[in-house]
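Note sheet for the following structure.
The values are calculated or read from the model by the stated rules, or taken from the named source; none is laboratory data. Owing to the predicted nature of the structure, the values given are computational and were not obtained by experimental measurement. Because the Cβ atoms are built from the backbone with ideal geometry, glycine has one as well, and the counts that use them run over all protein chains shown. The accessibility values were calculated without ligands, DNA or RNA, using every heavy atom of the protein model including side chains. Shrake-Rupley method; radii C 1.70, N 1.55, O 1.52, S 1.80 Å.
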Amino acid sequence: VENRATKICSISGTSEASYPQIESIKDPERKKMCRLAISKLHIEEVDIGLFLLGREFDFEMKGLLATACDGSGLPVSKEDLRTLHNRIEWAVKNNVLEDRETLLNLKTERNARGHEPPTREERETLLQSSRFLAGLYLESLVKIQEKAREFQKSSR
């Protein structure tokens with residue numbers, strides 16, 4: 001880091017071994033996108049990597065409610081489907097997912113990545129928590145997919 005006593009090292013193309021959750025993701029397209037996102041967790045693209053994970057999170061939450069409509073027996077309204085916040089609230093209210101605070105934190109992180117590109121200093125700060133956030137996103141994706149599969153099984 002220029003003009004700093006502190007040096008930050010990040011290996012470009014972070015190892016998937018750091019994220020064993022990726023292997024639990026069944027959908028090949030989701031797995032591919034998560035691998036791409038993880039590969040971007042370095043100083044130049046950390047915001048993009050987290051944006052991609054946030055997009056996958058949003059996509060999976062939409063899929064969860066769509067699957068719930070088809071076979072869970074739980075009521076899903078158009079309002080529940082309208083925003084990520086509403087989808088999270090529906091999942092918590094119906095005991096489909098439990099950790100509301102983590103889910104809302106991931107939503108906030110996803111929203112933060114959708115605005116202006118961060119400065120290098122902001123990316124440096126973001127990089128410090130990126131591995132933790134990526135792990136939370138991946139754990140949540142796995143849980144969401146498991147719940148969606150349970151809904152699919154119950155509708156058969």
Check your understanding: Looking at region 109-119, is at least one residue modelled with pLDDT of 95 or more and either closer than 26 Å to ARG149 by Cα or open to solvent by 30 Å² or more (accessible area, probe 1.4 Å) (or both)?
Key -> no
Revision key, fill the gap. Taking region 4-41 and the residues there that are buried (at least 17 other Cβ atoms within 10 Å of the Cβ) and not in a helix (DSSP H, G or I), the one that is modelled with the lowest pLDDT would be THR14
Revision key, fill the gap. Residues of region 100-145 being basic (Lys, Arg), in contact with a Leu (Cβ under 9 Å, 6 or more places away or on another chain) and farther than 12 Å from PHE57 by Cα, in sequence order, are ARG113, ARG131
Study note, to complete from the structure: Cβ pairs under 7 Å, 6+ apart or interchain, first in region 61-78 and open to solvent by 40 Å² or more (accessible area, probe 1.4 Å), second outside any loop (DSSP other than H, G, I, E, B) and not charged (D, E, K, R), ordered by first then second residue, are LEU74/ALA68
Check your understanding: Tally time: how many residues in region 19-54 are acidic (Asp, Glu) and without any contact (Cβ under 8 Å) to a residue 40 or more places away in the chain?
Key -> 3
